[in-house]
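Enquirer: So that we are looking at the same thing, I have put the structure below in structure tokens.
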Amino acid sequence: MATKQVPDIQPIKEPKPLDVEAQTQNEGQEIEVFDYTKRAQWLRAAVLGANDGLLSVAALMMGVGAVKKDPKTMILSGVAGLVGGACSMAIGELVSVYSQYDIEMSQLKRGGRTENMGAEELDAEKEKLPNPWQAAGASALAFSLGALLPLLSAAFIKDYTVRVAVIIVVVSLALLGFGGLSAVLGKAPVVKSSLRVLLGGWLALALTFGLTKLVGTAGL
């Protein structure tokens, strides 16, 4: 006579009690999220500043080199372009960011927010505003670093043709790099942006060299 198999009865698992206190603490905690957009803006500004320094000084050296072929004259023109360009960038950035700072501070005062703030809260709000001196220093530094590339590449080359060729190669590689980095930071197509920056740089160098050569030949 066959015996009936009694099915196994699984014990009912009691649900774990909710840790209400821990859940409340987690909900009360503020999760700090780093704002990567601010970093991207700073990096993009730095890349654009370096690209400006690279192209401005390289074009200046190529233009002077179209008339004066000795290395000393080209290097001196590059140094003058580096110093003058860095100062111009710093002053322009300082004035621009100070204007933005004054506008935002005036907005706070018009809203009456500063009257209801304590000293610590007011300092915290000011720290969120753009720093003009920091922006000026970063802009000048980025310009100088970009300008050093063509300057150093030509500093120790005596032959004129080789010197010009090296400047063009160094500037072209740097333009491709800066264009690609700007595209990555700006979420743009890398190849198209890099080629656009490269072609624009070549055009600037060619125009500066050609027009300076024309003026020098005319004896003006």
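Enquirer: Please name all residue pairs, on different chains or six or more residues apart, with Cβ atoms under 7 Å, provided the first residue is in the range 81-99 and is part of a helix (DSSP H, G or I) and the second residue is crowded, with 20+ Cβ neighbours inside 10 Å and of a type in the set (S, T, N, Q).
Expert: Gly81/Ser56; Leu82/Ser144; Gly85/Ser56; Ala86/Ser144; Met89/Ser139; Ala90/Ser139; Glu93/Ser139
Enquirer: While we're looking at this one, here's another question. Pairs only if they're at least six apart or on different chains, beta carbon under 7 angstrom, first in the range 125-141 and under 10 Å from Leu94 (Cα atoms) and touching a residue at least 40 places away in the same chain (Cβ under 8 Å), second buried (at least 18 other Cβ atoms within 10 Å of the Cβ) and charged (D, E, K, R); list them, first residue then second.
Expert: Filtered contacts from the range 125-141: Ala135/Glu93; Ala136/Glu93; Ser139/Glu93.
Enquirer: Name the single residue, out of those in the range 186-220 being of a type in the set (S, T, N, Q) and in contact with a helix residue (DSSP H, G or I) (Cβ under 9 Å, 6 or more places away or on another chain), that is nearest to Ala58 (Cα to Cα).
Expert: Once the filter is applied, the top-ranked residue is Thr208.
Enquirer: Follow-up. Can you name the residue in the range 178-195 that is crowded, with 16+ Cβ neighbours inside 10 Å and in contact (Cβ under 8 Å) with a residue 12 or more places away in the chain and, of all such residues, is nearest to Gly78 (Cα to Cα)?
Expert: Phe178
Enquirer: Separate question: For Val166, which of the numbered conditions (1) touching a helix residue (DSSP H, G or I) at 6+ places or on another chain (Cβ under 7 Å); (2) at pLDDT below 90; (3) not charged (D, E, K, R) fails to hold?
Expert: Condition (2) is where Val166 drops out.
Enquirer: Mind checking whether some residue in the range 36-53 is surrounded by 14 or more Cβ atoms within 10 Å (Cβ to Cβ), modelled with pLDDT of 85 or more, β-branched (Val, Ile, Thr) and touching a helix residue (DSSP H, G or I) at 6+ places or on another chain (Cβ under 7 Å)?
Expert: No, the range 36-53 contains no residue that is surrounded by 14 or more Cβ atoms within 10 Å (Cβ to Cβ), modelled with pLDDT of 85 or more, β-branched (Val, Ile, Thr) and touching a helix residue (DSSP H, G or I) at 6+ places or on another chain (Cβ under 7 Å).
Enquirer: Assuming Ala124 fulfils every condition listed in (1) closer than 26 Å to Val79 by Cα; (2) more than 14 Å from the chain's Cα centre (by Cα); (3) at pLDDT below 90; (4) in a helix (DSSP H, G or I) apart from one, which condition is it?
Expert: The single condition Ala124 does not satisfy is (1).
Enquirer: Out of Gly137, Gly216, Gly179, Gly186, which single residue is in contact with a Ser or Thr (Cβ under 7 Å, 6 or more places away or on another chain) and modelled with pLDDT under 90?
Expert: Going through Gly137, Gly216, Gly179, Gly186 in turn, just one is in contact with a Ser or Thr (Cβ under 7 Å, 6 or more places away or on another chain) and modelled with pLDDT under 90: Gly179.
Enquirer: Pick out the one residue from Asn116, Asn131 that is over 23 Å from the mean Cα position of the chain (by Cα), at pLDDT below 90, farther than 18 Å from Val47 by Cβ and not hydrophobic (A, V, I, L, M, F, W, C).
Expert: Asn116
Enquirer: Among Ala183, Ala142, which is the only one that is in contact with a helix residue (DSSP H, G or I) (Cβ under 7 Å, 6 or more places away or on another chain) and closer than 27 Å to Cys87 by Cβ?
Expert: Of the residues listed, the single one that is in contact with a helix residue (DSSP H, G or I) (Cβ under 7 Å, 6 or more places away or on another chain) and closer than 27 Å to Cys87 by Cβ is Ala142.
The values are calculated or read from the model by the stated rules, or taken from the named source; none is laboratory data. All of these numbers come straight from a predicted model, not from anything done at the bench. Here Cβ is always computed from backbone atoms with ideal geometry, including for glycine, and neighbour counts include all displayed protein chains.
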